[in-house]
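Contents: one structure, followed by commentary.
Nothing in this text is a laboratory measurement; each read-out follows from the coordinates by a stated rule. Keep in mind that what you see is a predicted model, and the values were worked out from it rather than measured. Positions of Cβ are generated from backbone atoms using ideal geometry, with glycine treated the same way; all protein chains shown enter the neighbour counts.
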Amino acid sequence: MLAEKPYLIGREKPLSKREISQALRWAIEAELDAISFYEQLAELVEDERIKHIFYDVANEEKEHVGEFFAALLEVDEELGKYMKEGFDEVEEETGIKVEL
Ligand SMILES: [Fe+2]
C-alpha cells in the first residue's frame, strides 16, 4: 500500500494534521480489507484449526480498526460530531441503537 503512495516515504517534515487524518483513514481501509481477506480465507478452509487461525487474526484486525479509529477521532475533531449525528439519524429512522 505504501508503495502506491510514495510521497509518504522519506518526508523532510512531519505530517500535517490533515495528512495524519488521511493516513489513519488509509490504515483503517487496509485493516478492513484485511478482515475481509482473512474471513474469506477462513470460509474456504475446511481444517477447523486453520479456520480458527484465520478468524482469530481477522478479530485482531478488528482491534486494529478500533486503535486507528480512536486516533482518527482524536485528530479529526469534526468526525465524532458527524458520526454521532449519523448514529442518531439511524436510531430515529430504524430504531437501531449503536453503542461502542
Ligand atoms: Fe492489522
request  = Note down the relative contact order for the chain as a percent, whole number, built from C-alpha pairs under 8 angstrom at least six residues apart.
outcome  = 25 percent
key: Binned Cα-Cα distance frequencies in the chain - 5 Å width, integer %   = 2, 11, 15, 15, 16, 15, 12, 8, 4, 1
note = Per GNM of the chain with C-alpha springs under 10 angstrom, the most fluctuating residue out of I28, I20, I53 is I53
request  = Evaluate E = 1/(1 + (r/R0)^6) for E46 and V98, where r is the Cβ-Cβ distance and R0 equals 30 Å; express this FRET efficiency to the nearest 0.05.
outcome  = 0.30
remark   = Once both label points are put 7 Å beyond Cα along the C-beta direction, the L15-E78 separation in nm becomes 1.9 nm
key: Environment charge of G66, counting only residues whose C-beta is closer than 12 Å and scoring Lys/Arg +1, Asp/Glu -1   = -4
inquiry  = Run the simple label-point estimate for R25 and H64 please: 7 Å along Cα→C-beta, distance reported in nm.
reply    = 2.0 nm
request  = Within the chain, list the GluC sites (Glu not before Pro) lying in a DSSP loop whose Cβ has at most 10 other Cβ atoms in a 10 Å radius.
outcome  = E12, E46, E99
